[in-house]
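This report concerns only the one structure given below.
Just so you know, all these numbers are worked out from the coordinates, no wet-lab data involved. Because the structure is a prediction, the values reported are computed rather than measured. Glycine gets a Cβ as well: all are built from the backbone with ideal geometry, and neighbour counts include every protein chain shown.
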Amino acid sequence: MTAALTVRDLQDRVARGVVWLDANLPDWWKTDRPDRGDNGGPIRVDELSMSHNCYCVLGQLLGNYYRAEISIEQAVEFGFDSSVGSLARDVSEVDEAMADEFDALRELWIRVLEERRAGVSTP
């Protein structure tokens with residue numbers, strides 16, 4: 001993760017993503033959401049990959065990240081995508097920094113899912 005990006009920044013972004021999901025996809029966190037194949041279903045933590053448009057949070061819920069119909073800026077703001085492209089000092093940093101950010105976002109989303117599924121309220 002680049003020095004300009006902190007864990008708190010990522011936590012804030014994920015919290016905004018939770019608010020967006022609660023408003024737009026009620027019960028998004030539940031494991032008993034119907035599995036609609038290519039049109040989405042429940043989030044499977046073991047398959048969660050923030051760098052893949054079909055296995056990220058939105059991809060698993062909707063079948064594809066792009067079906068959320070939000071801008072790239074919103075996706076970053078809500079913790080669904082990496083902001084690294086604008087934070088890296090040069091191109092050689094992008095791959096490693098982006099992977100680090102995706103890993104951190106994945107861990108934060110897993111924590112939110114585990115808390116929700118255990119009945120703990122999250123913002």
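Once the Cα atoms are used to define both axes, helix 91-117 deviates from the longest principal axis of the chain by about 30 degrees. Cβ under 11 Å from Val45's Cβ, Val45 left aside: what net charge do those residues give with Lys, Arg +1 and Asp, Glu -1? After counting each charged neighbour, the total is 0.
The angle between the Cα long axis of helix 7-24 and the longest principal axis of the Cα atoms of the chain comes to about 30 degrees, rounded to the nearest 10. Over all distinct Cα-Cα pairs of the chain, the Kirkwood formula returns a hydrodynamic radius of 14.6 Å. The length gained by stretching the chain between Arg16 and Ser71 to full extension, at 0.36 nm per residue less their Cα-Cα distance, is 18.4 nm. Rounded to the nearest 0.05, the FRET efficiency derived from the C-beta distance between Val7 and Asp32 at R0 = 25 Å is 0.20.
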